[in-house]
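Have a look at the structure below, then the notes.
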Amino acid sequence: MLAVLLLAGGGVLFLGGDDGAGGKKPVAGPSDTTSEDGKHEDKDKAEPAGPSAAELNAGRKPGEARVLWLKYNDVDLPGLGAAVNGPWTAGDIVARTTYRTVSGYALADGTEKWKLPLPTDVCAAPSLPTDDGKIVIATLVSNTASIPDCSVLQMIDLKTGEQGWKKTVPLNGRLDMRSEVSLAVNGGTVTYARAGGGADGYRISDGEKLFGEAPGECEVGDVASGARLIAGVTCSDAVGKNRIEELDPTTGKPKWAYQLEPGWYLQTVYSFDPPVVVVTNAEEQRIIALRDDGTLRSRIDGPVAAEAVADARTLYLPTGLVYVDSRVTNTIQAYDLDTGKRTWEAESPTGQAMKPLRMEGGKVLAYVLASKEQGGGIVALEPGSGSPQTLLRHPASAADAEDDVLSARVVYVDGRSVLVPPLLASGTDEEERALKTVMVFGQ
């Protein structure tokens, strides 16, 4: 069973249906129709229907950061909209996909450094690139096939936009279903996993196949990008038990396995080192911490969240959103990984909601969500107490625009926060032009 794996550090990997996609150049004309392949044919793509960075900064107060730059959608979207993959950073470049396009921009000022049109939709992508800025995405074989075939792998150098190797993954057994795909980058390996076909590993530098075999009664179905290759293995009813494994990214061989109860499977990877995961049986969820050898360390009686981070001793979990005095807020709670017990709870310095991003310098980096009246920002929480330190306060003058980047994926790098939405929703010409695809804040 394929799921959505949510990754430590704020990354999100959509397994299957990652319909990132790209489009034609805008042309003038008043029509608004739908083509035979379901593509939304808005013709009137003129200037972005939204304020510039300078306009958003006009009311900035002392001590607040600036909107350094932002990009609006400039392509016609299909009828169901399009997923956005990224943001990925590589050196001084921030990159992301939109509709059938991958683009790279200068992190400092948003100058477009490269743009790579794609012939078909992006259907899967890892949440992280390699340390030297390489990534491998999966695209459809055809945009018009009745059953999506997400089996074309394309390596891209994010620093330059140059395309590297490209190959189509062959069928791996008669039950191989390549319509729902999971891609993960672990070290120098990209792992391609799917239902009915198991997992194949390829060396990112040259595309050489490192491992893969036809699945038997059990198969790797879910993988996630990170320091270690943590995989969810599902088995037929005849075998009876699913498991979580750490695989060697160069051979695909398991280093250890944690056996799950019948009917349970891996849902979310919170942390790779130490391993902390969410498992589910579709009716309930559990958070478990594992030791480096895959044995159980603790069960954590905390709220299951979309994102969480961990250090060697502690898991940092956000609570659910609640309304307090007409404000949306929450807290971040710390749980001891040896005992599973809560040790502290922290509020944001402004009373706004927070979500953890990653660990840096021994502290928890968290994104403070914007509201219609208050800008967001980046805070660092002390690991022993949760005491917050504001690193970047986004301007209130841009709060409404920031709030419009719904469910933003956030990366904090070199003192700048980068926001990218996971989805671009189709609409009228004006609504599509007003969609923000990247928004960057800094001093």
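The values are calculated or read from the model by the stated rules, or taken from the named source; none is laboratory data. Note that the structure is a prediction, hence the values are computed from the model and not measured. For neighbour counting, all protein chains shown are included, and Cβ atoms are generated from backbone atoms with ideal geometry for every residue, glycine included. Ligands, DNA and RNA are excluded from the accessible area calculation, which covers all protein heavy atoms including side chains. Shrake-Rupley method; radii C 1.70, N 1.55, O 1.52, S 1.80 Å.
Being under 21 Å from residue 232 (Cα atoms), touching a Pro at 6+ places or on another chain (Cβ under 6 Å) and not β-branched (Val, Ile, Thr): is that true of residue 172 here? Give the steps one after another, and end with the answer.
On the way: under 21 Å from residue 232 (Cα atoms): yes; touching a Pro at 6+ places or on another chain (Cβ under 6 Å): no; not β-branched (Val, Ile, Thr): yes.
Judged against the criteria, residue 172 is not a match.
Of the residues that make up the stretch 156-166, is at least one under 17 Å from residue 229 (Cβ atoms) and not hydroxyl-bearing (Ser, Thr, Tyr)?
No, the conditions are met nowhere in the stretch 156-166.
Residues in the stretch 309-323 that are touching a strand residue (DSSP E or B) at 6+ places or on another chain (Cβ under 8 Å), modelled with pLDDT of 95 or more and either of a type outside the set (Lys, Arg) or not in a loop (DSSP other than H, G, I, E, B) (or both): how many?
Count: 9.
Quick check on this structure: which one of 173, 133, 164 is more than 20 Å from the chain's Cα centre (by Cα) and on the phi > 0 side of the Ramachandran plot?
173
Among the polar types (S, T, N, Q), out of contact with any Phe, Trp or Tyr (no Cβ under 8 Å at 6 or more places or on another chain) and open to solvent by 50 Å² or more (accessible area, probe 1.4 Å): does that describe residue 374?
The answer is yes for residue 374.
Which one is most open to solvent (accessible area, probe 1.4 Å) among residues in the stretch 377-392 that are among the hydrophobic types (A, V, I, L, M, F, W, C) and touching a residue at least 24 places away in the same chain (Cβ under 8 Å)?
Ranking the candidates gives 391 first.
Got at least one residue in the stretch 316-324 being surrounded by fewer than 22 Cβ atoms within 10 Å (Cβ to Cβ), out of contact with any Gly (no Cβ under 9 Å at 6 or more places or on another chain), of a type in the set (A, V, I, L, M, F, W, C) and free of Cβ contacts under 8 Å to residues at least 24 places away in the same chain?
Looking for residues that are surrounded by fewer than 22 Cβ atoms within 10 Å (Cβ to Cβ), out of contact with any Gly (no Cβ under 9 Å at 6 or more places or on another chain), of a type in the set (A, V, I, L, M, F, W, C) and free of Cβ contacts under 8 Å to residues at least 24 places away in the same chain, one finds at least one in the stretch 316-324, hence yes.
Being open to solvent by 40 Å² or more (accessible area, probe 1.4 Å) and either aromatic (Phe, Trp, Tyr) or under 17 Å from the mean Cα position of the chain (by Cα) (or both) is the filter here; which residues of the stretch 393-410 pass it?
Within the stretch 393-410, 406, 407 qualify.
May I ask you to list the residues in the stretch 364-393 that are outside any strand (DSSP E or B) and out of contact with any Lys or Arg (no Cβ under 8 Å at 6 or more places or on another chain)? Steps first, answer last, please.
In the first step, residues of the stretch 364-393 are kept if they are outside any strand (DSSP E or B); the result is 369-376, 382-387.
370, 372, 373, 374, 376, 384, 385, 386, 387, listed by residue number.
Can you find, within the stretch 216-233, the residue that is farthest from the chain's Cα centre (by Cα) among those that are of a type outside the set (Gly, Ala, Ser) and surrounded by 21 or more Cβ atoms within 10 Å (Cβ to Cβ)?
219
Any idea which of 82, 95, 58, 138 is at pLDDT 95 or above, more than 17 Å from residue 438 (Cα to Cα) and surrounded by 23 or more Cβ atoms within 10 Å (Cβ to Cβ)?
Being at pLDDT 95 or above, more than 17 Å from residue 438 (Cα to Cα) and surrounded by 23 or more Cβ atoms within 10 Å (Cβ to Cβ) holds for just one of 82, 95, 58, 138, which is 138.
Could you check the stretch 61-79 and list, in sequence order, the residues that are open to solvent by less than 20 Å² (accessible area, probe 1.4 Å) and farther than 16 Å from residue 376 by Cβ?
69, 73, 75, 76, 77, 78
Anything in the stretch 163-194 that is open to solvent by 30 Å² or more (accessible area, probe 1.4 Å) and under 25 Å from residue 147 (Cα atoms)? List them, or say none. Let's see the steps before the verdict.
Keep residues of the stretch 163-194 that are open to solvent by 30 Å² or more (accessible area, probe 1.4 Å), which gives 163-168, 170-171, 173-175, 177-180, 187-188.
Listed by number, the residues that qualify are 166, 167, 168, 170, 171, 173, 174, 175, 177, 178, 179, 180.
Under the condition of being outside any loop (DSSP other than H, G, I, E, B) and over 23 Å from the mean Cα position of the chain (by Cα), which residue from the stretch 195-210 is surrounded by the fewest Cβ atoms within 10 Å (Cβ to Cβ)?
Looking at the filtered set, the residue picked out is 209.
Quick check, is residue 213 modelled with pLDDT under 95 and within 17 Å of the chain's Cα centre (by Cα)?
no
Going through the stretch 413-431 one residue at a time, which ones are of a type outside the set (A, V, I, L, M) and crowded, with 23+ Cβ neighbours inside 10 Å?
Correct list: 417 only.
Under 6 Å by Cβ, and 6 or more places apart or on different chains, what pairs join a residue from the stretch 294-307 that is within 10 Å of residue 319 (Cα to Cα) with one that is open to solvent by 50 Å² or more (accessible area, probe 1.4 Å) and outside any loop (DSSP other than H, G, I, E, B)?
304/285
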